[in-house]
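The structure under discussion appears below in the form of structure tokens.
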Amino acid sequence: MLDIQAIRKDFPILSRKVYGKDLIYLDNAATTQKPRCVVEKIEDDYYNVNANIHRGVHFLSQAATEAHEEARKTVRQFINARHAREIIFTRGTTESINLIASSFTDGFMKEGDEVIISEMEHHSNIVPWQIQAARKGIAIKVVPINEKGELDLEAFRSLFSEKTKLVSLTHVSNVLGTINPVKDIIREAHDRNVPVLIDGAQSVPHLPVDVQNLDADFFVFSGHKIYGPTGIGILYGKEEWLDRLPPYQGGGEMIATVSFEKTTFQELPFKFEAGTPDYIGSTALATAMQYVSALGINNIAAYEDELLHYATGKLQEIEGVRIFGTSEHKSGVLSFLVKDIHHYDMGMLLDRFGVAVRTGHHCAQPLMHRLGIEGTVRASFSFYNTKEEIDIFIDAVKRVTAMF
Ligand code: PMP
């Protein structure tokens, strides 16, 4: 359904060479490449629409403000939030989670209260809670995973107590590729009156996400993983939660009135957007989302699933391969080791064949500990990858393996 060769032409970087070889870019879970329209949007905005937003009476400032607020509407539509004011622009997933960890703990948690996370979380959904644990004495409960790399839902249920104030889980694991059943998880948490934050960094670029259908209280992701620029991300929050949360950062843009005696804060979404926002990033992110929408997120999901199955089948044929994450519900990520070849050696040598993969702990050291390994080699896919590229990747893995 997707014309991959035509799509690839939209991504100039894909036709570059590394070490004289065709670049095979399989590090899409770390960041995605940018289509021409996104880069051109940034250039066009700087050349033609650049002015600080919100406070200006002049033409350019109003045009830039309008573009920024239009971008917010595009994001709203992309994840089907109810209101544009429920979309907060942040620097990325990490900042979005830090914002909630800080504001939610300040507003709704006291010493001894508990947040539930899981063994498969990225450090960005672990460390912010640990900082709050040190600051305010909250406790962190951890859902274990099973042998396939899926959440143990029985254990999840058993972690709830009357002190549980929030569940914060990833939608798709950046190491295992597991797609967690977040809709069911949210329903179960809501049955116990506990709100849920979903880390959508690895889901939004690859799967249809409807925050109202999921009934997520908070949903966060990064622009750069969905073909947008670096430095911009999203915090979605239900209005009723965001309204009640205290601000995260203070400064310009987020205030209504300031005096030395008393300051009042702006309404949503501005209450959470202190300082000059990344209004160039927001419009470029909207352009990226429009690009993805034009391809069709369901087409993307189906094609990437085909790539994942193809790559998994081929990889499994190699003697001594161990794949981490074997759930039937996976998206775009293939983590593995071959025999006792160090992940770093494999990654470095694959690079010499032009194949870009990620190696290491993938910002998930507790998960590595659980798996009893130091790191993996991770290939991660996008709609611009092809089966021919996977053949080259698999061939390169075989050649590296033969060297040892
Ligand atoms: N969560 C997950 C599941 C991720 O994969 C990543 C990025 N690797 C992050 C959070 C952090 O995203 P960012 O660095 O863009 O803030």
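The values are calculated or read from the model by the stated rules, or taken from the named source; none is laboratory data. Since the structure is predicted, the reported quantities are computational estimates derived from the model, not experimental observations. Please note: Cβ atoms are built from the backbone with ideal geometry, for glycine as well, and neighbour counts cover all protein chains shown. These area figures cover heavy atoms from the full protein model, side chains too; ligands, DNA and RNA do not enter into them. Shrake-Rupley method; radii C 1.70, N 1.55, O 1.52, S 1.80 Å.
Structure above, values below:
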item: One residue from GLY313, GLY354 being open to solvent by less than 60 Å² (accessible area, probe 1.4 Å), more than 16 Å from the ligand (Cβ to nearest atom) and on the phi > 0 side of the Ramachandran plot; result: GLY354
item: Selection count, region 50-86, where residues are open to solvent by 30 Å² or more (accessible area, probe 1.4 Å), at pLDDT 95 or above and not in a helix (DSSP H, G or I); result: 6
item: Verdict on PHE219 being among the aromatic types (Phe, Trp, Tyr) and either out of contact with any Leu (no Cβ under 9 Å at 6 or more places or on another chain) or not in a strand (DSSP E or B) (or both); result: no
item: Filter result for the condition that a residue is of a type outside the set (S, T, N, Q) and within 18 Å of GLY237 (Cα to Cα), over VAL127, VAL204, VAL142, VAL175; result: VAL204
item: Complete set of residues in region 363-404 that are over 16 Å from LEU308 (Cβ atoms), open to solvent by less than 10 Å² (accessible area, probe 1.4 Å) and among the β-branched types (Val, Ile, Thr); result: VAL400
item: Matching option when the condition is crowded, with 21+ Cβ neighbours inside 10 Å, assigned by TED's automatic domain parsing to the domain that holds GLN77 and not hydroxyl-bearing (Ser, Thr, Tyr), among ASN193, ASN174; result: ASN174
item: Per-region count, region 215-242, residues within 20 Å of ASN80 (Cβ to Cβ), out of contact with any Pro (no Cβ under 9 Å at 6 or more places or on another chain), surrounded by fewer than 20 Cβ atoms within 10 Å (Cβ to Cβ) and touching a residue at least 12 places away in the same chain (Cβ under 8 Å); result: 2
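Rundown of residues vs (1) under 29 Å from GLN290 (Cβ atoms); (2) among the aliphatic types (A, V, I, L, M); (3) within 16 Å of the ligand (Cβ to nearest atom), yes/no style:
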residue: PHE221; (1), (2), (3): yes, no, yes
residue: GLY228; (1), (2), (3): yes, no, yes
residue: GLY231; (1), (2), (3): yes, no, yes
residue: TRP241; (1), (2), (3): yes, no, no
residue: ARG244; (1), (2), (3): no, no, no
residue: PRO247; (1), (2), (3): no, no, no
residue: GLY252; (1), (2), (3): no, no, no
residue: THR257; (1), (2), (3): no, no, no
